[in-house]
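K.L.:
One structure is given below, represented as structure tokens, and several questions about it will come after.
The values are calculated or read from the model by the stated rules, or taken from the named source; none is laboratory data. It should be emphasised that the depicted structure is a prediction, and the values quoted were computed from it without experimental measurement. Glycine also receives a Cβ, built like all others from the backbone with ideal geometry; neighbour counts cover every protein chain displayed.
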Amino acid sequence: MAYEVDKSEEQWRQELTPQEYAVLRQAGTERPFTGEYTDTKTRGVYSCRACGAELFTSDTKFESHCGWPSFYDPKDSKAVELIEDRSMGMTRTEVRCTRCGSHLGHVFEGEGYDTPTDQRYCINSISLRLAPVGD
């Protein structure tokens with residue numbers, strides 16, 4: 001897929017920290033309960049750390065106790081793309097930024113969370129940047 005933000009891997013390596021690059025560009029996963037946004041209650045908009053595209057809002061963030069920030073819906077249905085992921089001996093649904101193609105995390109359905117969509121977008125904190133909004 002062609003992305004609006006199109007950079008070489010060398011450009012991404014220069015712009016991102018090694019940890020950000022490992023997650024965003026190589027589909028890595030940060031360790032659970034270590035990300036800066038796992039437990040935050042700050043109101044605001046979560047954007048892609050790689051390109052700045054707005055992805056999620058604090059209004060759809062919920063406590064899933066899984067070790068990563070969880071959202072039940074993206075800010076806009078076109079903000080993320082969902083891709084079948086057959087790595088690690090299982091089938092999952094990968095979540096990527098539609099603007100730059102960066103890996104954000106995975107989405108899971110039907111886990112019994114009391115959310116309007118019955119979905120859990122399990123997103124790496126390192127993939128996000130939070131812009132707080134005033135109350």
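K.L.:
If I filter region 52-75 for residues that are free of Cβ contacts under 8 Å to residues at least 12 places away in the same chain and small (Gly, Ala, Ser), do I get at least one hit?
P.N.:
no
K.L.:
Does ASP85 meet the test of being touching a residue at least 12 places away in the same chain (Cβ under 8 Å) and of a type in the set (Asp, Glu)?
P.N.:
Yes: the conditions hold for ASP85.
K.L.:
Among GLY89, GLY105, GLY112, GLY101, which is the only one that is touching a Cys at 6+ places or on another chain (Cβ under 7 Å) and on the phi > 0 side of the Ramachandran plot?
P.N.:
Going through GLY89, GLY105, GLY112, GLY101 in turn, the sole match is GLY105.
K.L.:
Scan SER70, SER64 and give me the residue that is touching a strand residue (DSSP E or B) at 6+ places or on another chain (Cβ under 7 Å), buried (at least 19 other Cβ atoms within 10 Å of the Cβ), modelled with pLDDT under 95 and over 17 Å from SER102 (Cβ atoms).
P.N.:
SER64
K.L.:
Could you tell me whether region 36-57 includes any residue that is surrounded by 14 or more Cβ atoms within 10 Å (Cβ to Cβ), over 19 Å from HIS106 (Cα atoms) and of a type in the set (S, T, N, Q)?
P.N.:
Looking through region 36-57, at least one residue is surrounded by 14 or more Cβ atoms within 10 Å (Cβ to Cβ), over 19 Å from HIS106 (Cα atoms) and of a type in the set (S, T, N, Q).
K.L.:
Take LEU82 and decide whether it is among the hydrophobic types (A, V, I, L, M, F, W, C) and either farther than 21 Å from GLU36 by Cβ or modelled with pLDDT under 95 (or both).
P.N.:
Yes.
K.L.:
So, in region 30-84, how many residues would count as being closer than 12 Å to LEU128 by Cα, in a loop (DSSP other than H, G, I, E, B) and of a type in the set (A, V, I, L, M)?
P.N.:
2
Matching residues to (1) of a type in the set (A, V, I, L, M, F, W, C); (2) closer than 19 Å to ARG31 by Cα; (3) touching a Phe, Trp or Tyr at 6+ places or on another chain (Cβ under 6 Å); (4) modelled with pLDDT of 95 or more:
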residue	(1), (2), (3), (4)
SER87	no, yes, no, no
ARG92	no, yes, no, no
SER102	no, yes, no, yes
HIS106	no, yes, no, yes
THR115	no, no, yes, no
CYS122	yes, yes, yes, yes
SER125	no, yes, yes, yes
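K.L.:
Here's something else I'd like to know. Across region 98-117, what is the total count of residues that are in contact (Cβ under 8 Å) with a residue 24 or more places away in the chain and either over 8 Å from the mean Cα position of the chain (by Cα) or part of a loop (DSSP other than H, G, I, E, B) (or both)?
P.N.:
Final tally of qualifying residues: 10.
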